[in-house]
Amino acid sequence: ISNSGFSYLNNLLTVTITNSITTIGDSAFLYCSLKSFVMPNSVTSLGISAFNNCQKLTSITISNAITTIPESAFSNCKILKSATIPNSVTSISDYAFNNCKNLPSVIIPNHVTSIGSSAFSTCLSVTSVTIPDSVTSIGNSAFAYCARLTSAYVSWLTPLVIDVNGFYGTP
């Protein structure tokens, strides 16, 4: 799917992707009205801002072949309630889930080593976060303004670099 291939299609509610699709380009579904999306495991590359501002998106299942969730991939999906991040993911980039206000919890898979700046900032409904010991870097404001965050399970065996503002604005 090319860059901006389906962007700004306000009436696009459903999409069925065949197993022949391997790439979802930058801003491919930007500002679409998709309600849910299941990414087939044939997809190995996800573009920057691929689903940014999908205001009706409530659930996303990411391909088991994706290793990086790119910058702003699901940013501003304000009613997103479910995001399945597969174990194949090793990096969650800056602003990946920024401003997903209805996401209730975040479970970082065991192979993730880095969480980018503002990756989950302003996820107002997040009450719990599970971060595995594989994570060695958490960017600036990664969980900033997660006002309902009351539980964070963190168990590191390796040295961790966490910006002083990584959990800024949380209780």
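Among the residues of region 37-57, those identified as more than 13 Å from S75 (Cα to Cα), open to solvent by less than 60 Å² (accessible area, probe 1.4 Å) and among the hydroxyl-bearing types (S, T, Y) are S42, S45.
The set of residues from region 22-36 being open to solvent by less than 10 Å² (accessible area, probe 1.4 Å) and either under 14 Å from T67 (Cα atoms) or outside any loop (DSSP other than H, G, I, E, B) (or both) comprises just one member, I24.
Within region 60-80, the set of residues being at pLDDT 95 or above and open to solvent by 30 Å² or more (accessible area, probe 1.4 Å) comprises N64, A65, T67, T68, E71, N76, K78, I79.
Does T130 fit the bill of being assigned to a strand (DSSP E or B) and either of a type outside the set (A, V, I, L, M) or more than 17 Å from L46 (Cβ to Cβ) (or both)? Against the criterion (assigned to a strand (DSSP E or B) and either of a type outside the set (A, V, I, L, M) or more than 17 Å from L46 (Cβ to Cβ) (or both)), T130 qualifies.
Residues are listed down the side, and each one gets a yes or a no for (1) farther than 21 Å from C77 by Cα; (2) at pLDDT 65 or above:
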{"position": "I131", "(1), (2)": "yes, yes"}
{"position": "A144", "(1), (2)": "no, yes"}
{"position": "A147", "(1), (2)": "no, yes"}
{"position": "V154", "(1), (2)": "yes, yes"}
{"position": "I162", "(1), (2)": "yes, no"}
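Of all residues in region 91-101, none satisfies being assigned to a loop (DSSP other than H, G, I, E, B), over 17 Å from A50 (Cβ atoms) and not basic (K, R).
The values are calculated or read from the model by the stated rules, or taken from the named source; none is laboratory data. Bear in mind that the values here come from a model prediction, so they are computed numbers and not experimental data. Using ideal geometry, Cβ is built from the backbone for each residue, glycine included, and neighbour counts are taken over all protein chains shown. Accessible surface is based on the protein model in full, side chains and every heavy atom, while ligands, DNA and RNA are left aside. Shrake-Rupley method; radii C 1.70, N 1.55, O 1.52, S 1.80 Å.
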